[in-house]
Every structure is written in structure tokens, then in C-alpha cells.
Amino acid sequence: MSPLPTAAPLDPRWVSLVDRIAPRVLGRDDRTGDALAAEIIRLSELYTRERAQIGLASDALAARLRFFLLRDLPKIQGPLAELALAGGLPSGDTWRVLDLGAGLGTTSLGLAELAKRAGARRLQITAVEQDAASLDVFGVLAREAHAEGLVPEMTLEARRADLESLEIASLPPADLVVMGLALNELYADREEADRLDAREAALRSMVDRLRPGGSLVVIEPATRALSRELQTLRDRLASQVFAPCLRDGPCPLLERERDWCHDQLPFDLPEGLDARAESAGLRRQRLTYAYLTLRADGRRLWDVADRSPRAHRVVGGPVRSKGKTEWDLCGQAGLVRLRRIDRERSDASAALDGAERGALLTLDREVKGAALRVRPDVEVRPVDREGAS
């Protein structure tokens with residue numbers, strides 16, 4: 001079993017579907033070729049380096065639809081795979097979903113694809129988004145994707161609203177509340193302390209919208225600043241955190257300014273989409289993101305490993321140097337550096353071979369101190385359903 005949650009390869013039908021509907025739903029705002037590549041580059045800069053101007057992203061509909069929706073659609077599936085690992089996905093034929101800051105529906109569509117594989121027959125989605133054009137595109141995508149057999153039937157209730165002024169308590173309860181790449185846009189003009197207080201209050205109100213056994217999944221860009229803000233919120237909401245943490249104490253990656261916690265999924269862009277990435281100078285493999293999964297019932301991902309002090313998540317590495325490889329792991333005791341000398345690799349530690357950020361691993365012993373040399377007798381296993389509560 002892989003130590004990483006994995007996203008299913010993006011079905012090529014998604015690319016064909018988007019290419020088919022884009023001219024119709026975008027009209028004069030549609031772009032292809034060099035014009036599309038230029039728009040993708042500009043939007044990538046807004047997302048990663050110029051977030052103060054993120055409001056301009058609404059004008060780049062072609063880049064959002066023809067590239068970023070397709071690239072980001074599988075990101076939600078990493079956190080959902082962990083919920084599935086712990087038996088935390090909704091049961092029954094119908095999943096009730098609340099999508100806050102829904103945009104074009106990227107997060108809900110990724111969720112719906114996984115829901116179909118999990119046996120759900122329909123999704124009832126309340127989508128909150130202030131941009132009417134985005135909601136219109138979302139509606140078309142939901143219908144066309146279902147007709148194509150990519151997702152279950154999706155009943156979409158679109159609510160045009162600004163999340164900062166919206167009374168979240170007025171929204172319907174849901175099995176899953178999702179917020180994809182949107183938390184960082186809330187209260188962005190406030191001072192740091194006030195901004196964090198407001199975002200914490202918003203997350204608490206979202207947790208209050210969960211039906212019994214429900215989960216809130218927040219996905220953010222994997223930049224250092226935004227990831228560290230999410231880690232700070234994690235510490236404030238510790239009693240409700242399901243994932244990514246395998247510890248009760250404060251986040252140890254906040255102790256040094258240079259550290260931050262984020263995940264990456266192994267992922268290859270399909271043909272057609274990879275060319276768009278290449279033309280814009282963007283990566284074609286791996287999805288990176290920061291995330292936080294909250295629940296109201298106290299259930300923890302850690303329960304899968306029987307709350308073992310031997311369970312860890314890879315939060316850094318692999319770092320390869322002459323004759324050795326190192327990983328940073330985070331577990332109940334805090335951070336630990338694993339070091340494996342190449343000549344000491346063994347079948348017992350083979351799980352490390354594919355272990356990158358986000359990998360869930362169990363060691364055969366408790367670590368005494370801040371480092372462990374992985375000698376041939378040290379066994380490293382992926383966390384799996386053994387011991388799940």
C-alpha cells in the first residue's frame with residue numbers, strides 16, 4: 001500500500017468536456033494558444049506572488065476554466081482519501097455538500113468524482129460564490145460532467161454572496177463543508193491578529209454547519225505564509241482537528257520561520273493539459289497544497305494508528321546527498337529526522353522509497369531523541385487500516 005494519499009489520474013474526458021464548453025460559456029473571454037498561456041502565467045503570478053491583487057483573478061476565466069480547474073480538481077481527493085481511511089466519508093446514496101467560495105466548482109467536482117467511486121448516487125450542493133459568472137459555469141460543468149458519466153447527479157443550489165458578510169449559520173447543514181483555495185481571501189485587508197481571529201471564527205461557524213459525523217475540509221495554496229497561517233489556526237482549533245496532524249501538542253513546524261507544513265500528491269497532467277502547463281512554465285507533475293480537516297466529534301486520523309507514538313507524517317524531504325537520504329517526520333513526540341545510508345537500505349524500510357511530503361508512516365519503535373538512523377533492522381510501514389477504530 002502506498003504511504004501517500006493519492007488522487008486518481010485525471011480522466012481525459014474532463015479536458016475534452018472543458019474544451020467543448022469553453023467557447024460556449026466564455027464567449028469573448030475565451031482564450032487558446034499563446035493568449036491562453038499568457039493568461040495562465042499572469043494568473044499563476046496572482047495566485048503565488050501577488051495575492052493582494054487576487055480580485056483580478058475573476059477576469060481570467062479562460063485560464064481558470066481551461067487550466068487551473070482541471071489541475072486543481074483532484075486536490076480535495078487527498079484529504080478525502082484520509083477520511084475514507086478512517087471511515088469518515090458520508091454514508092448513503094446522497095451526500096450533502098456546502099461549498100464556500102465555490103468559484104467554478106473545482107473542489108465540488110473533485111469531491112463528486114471521488115463520491116462516484118465511493119458509491120454515492122447524488123450530491124446536493126449548496127454553492128456560495130460572489131461571482132455570478134463563475135456560478136453559471138459551475139452549473140454547466142455539473143450537468144455536463146454528469147451526462148459524461150464523470151460524476152453522480154449533482155443538484156446545485158447556487159447562492160451569490162460575499163462570505164465576509166454572509167451569516168454562515170443561515171446555510172443548510174451538510175455532510176461535507178469544503179473551502180478550496182478561498183480562506184486566504186477572507187479578511188485579507190485586516191491586520192494579522194484581527195485577520196486570524198476572523199478566520200478562526202469563520203471556521204468555527206463552518207464546523208457548526210456539519211451534520212453528525214460530518215467534516216470540514218479547507219485547502220489552501222502551499223505557500224509558506226499561507227501554510228503557516230493554516231498551521232496557526234490548527235493550533236487554535238486543536239480539539240476539532242482530524243488531519244493532517246498525528247499529535248496533540250502545538251505544531252512544531254511553527255517554531256522556525258523557515259518551516260511550513262504542506263502536502264503533495266503524485267499526479268501527472270493528462271495529454272493536452274500538460275502542454276498548457278509547459279507553455280506557461282508550470283510543473284506537470286505533483287499537486288501541492290496545504291489543508292486542514294476539522295470535525296465536531298473528536299475523531300482523529302491518528303485513531304487509524306491507534307494513537308501510536310510510532311505513527312508519523314513526512315513533513316520534509318526526501319533530501320538526497322552523497323550516500324544517504326533524509327526525511328523529516330512529525331509525530332506525537334514532535335519532529336524527528338530519519339537518515340538512511342544507501343548501503344543500509346533493506347526490504348524492512350522499503351516504504352521510504354516512495355515517501356515524500358504527506359506520507360503516513362509507522363516505525364517499529366519509538367524514537368528517543370530528535371533523530372533516527374534507519375539501519376537494516378528498522379521496519380517502516382505505511383499507515384493502513386490495521387488498528388483503525
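The values are calculated or read from the model by the stated rules, or taken from the named source; none is laboratory data. All figures in this text were calculated on a predicted structure; none of them were measured in a lab. Ideal geometry is used to build each Cβ from the backbone, glycine not excepted, and the neighbour counts take in all protein chains shown. With ligands, DNA and RNA removed, areas are computed over all heavy atoms of the protein, side chains included. Shrake-Rupley method; radii C 1.70, N 1.55, O 1.52, S 1.80 Å.
Of all residues in segment 79-113, how many are open to solvent by less than 20 Å² (accessible area, probe 1.4 Å), touching a Ser or Thr at 6+ places or on another chain (Cβ under 8 Å) and part of a helix (DSSP H, G or I)?
3
Within the bounds of segment 342-357, is there any residue that is touching a helix residue (DSSP H, G or I) at 6+ places or on another chain (Cβ under 7 Å) and either open to solvent by 30 Å² or more (accessible area, probe 1.4 Å) or under 28 Å from Leu287 (Cα atoms) (or both)?
no
For segment 194-231, name all the residues that are touching a Lys or Arg at 6+ places or on another chain (Cβ under 7 Å) and among the hydroxyl-bearing types (Ser, Thr, Tyr).
If the condition is that a residue be touching a Lys or Arg at 6+ places or on another chain (Cβ under 7 Å) and among the hydroxyl-bearing types (Ser, Thr, Tyr), then Ser215 is the only one that fits.
Of the numbered conditions (1) open to solvent by 70 Å² or more (accessible area, probe 1.4 Å); (2) on the phi > 0 side of the Ramachandran plot; (3) not in a strand (DSSP E or B), Asp297 satisfies every one except a single condition; which is it?
Going through (1) open to solvent by 70 Å² or more (accessible area, probe 1.4 Å); (2) on the phi > 0 side of the Ramachandran plot; (3) not in a strand (DSSP E or B) one by one, Asp297 breaks only (2).
What single numbered condition from (1) open to solvent by 10 Å² or more (accessible area, probe 1.4 Å); (2) in contact with an Asp or Glu (Cβ under 9 Å, 6 or more places away or on another chain); (3) over 27 Å from Gly88 (Cα atoms) fails to hold for Arg310?
Tallying (1) open to solvent by 10 Å² or more (accessible area, probe 1.4 Å); (2) in contact with an Asp or Glu (Cβ under 9 Å, 6 or more places away or on another chain); (3) over 27 Å from Gly88 (Cα atoms), Arg310 fails exactly one: (3).
Name the pairs: first residue in segment 158-176 and in a loop (DSSP other than H, G, I, E, B) and exposed (fewer than 15 other Cβ atoms within 10 Å of the Cβ), second residue modelled with pLDDT of 95 or more and of a type in the set (Phe, Trp, Tyr), Cβ to Cβ under 7 Å, at least 6 apart or on different chains?
Glu164/Tyr187
Say we look at segment 114-130 and pick out the residues that are assigned to a loop (DSSP other than H, G, I, E, B) and either on the phi > 0 side of the Ramachandran plot or of a type outside the set (A, V, I, L, M) (or both); which of these is most open to solvent (accessible area, probe 1.4 Å)? Step through it out loud before you land on a result.
Of segment 114-130, the ones assigned to a loop (DSSP other than H, G, I, E, B) are 118-121, 129-130.
Then drop every residue that is not either on the phi > 0 side of the Ramachandran plot or of a type outside the set (A, V, I, L, M) (or both), which leaves 119, 121, 129-130.
Details: Gly119: 46, Arg121: 148, Glu129: 27, Gln130: 107 Å².
By that ranking, first place goes to Arg121.
Within the group Ala133, Ala145, which residue is farther than 17 Å from Leu292 by Cβ, buried (at least 22 other Cβ atoms within 10 Å of the Cβ) and touching a residue at least 40 places away in the same chain (Cβ under 8 Å)?
On the way: Ala133 fails: buried (at least 22 other Cβ atoms within 10 Å of the Cβ).
Within the list Ala133, Ala145, the selection yields Ala145.
So in segment 368-383, with the set limited to residues that are part of a strand (DSSP E or B) and under 15 Å from Gly331 (Cβ atoms), which one is most open to solvent (accessible area, probe 1.4 Å)?
Arg381
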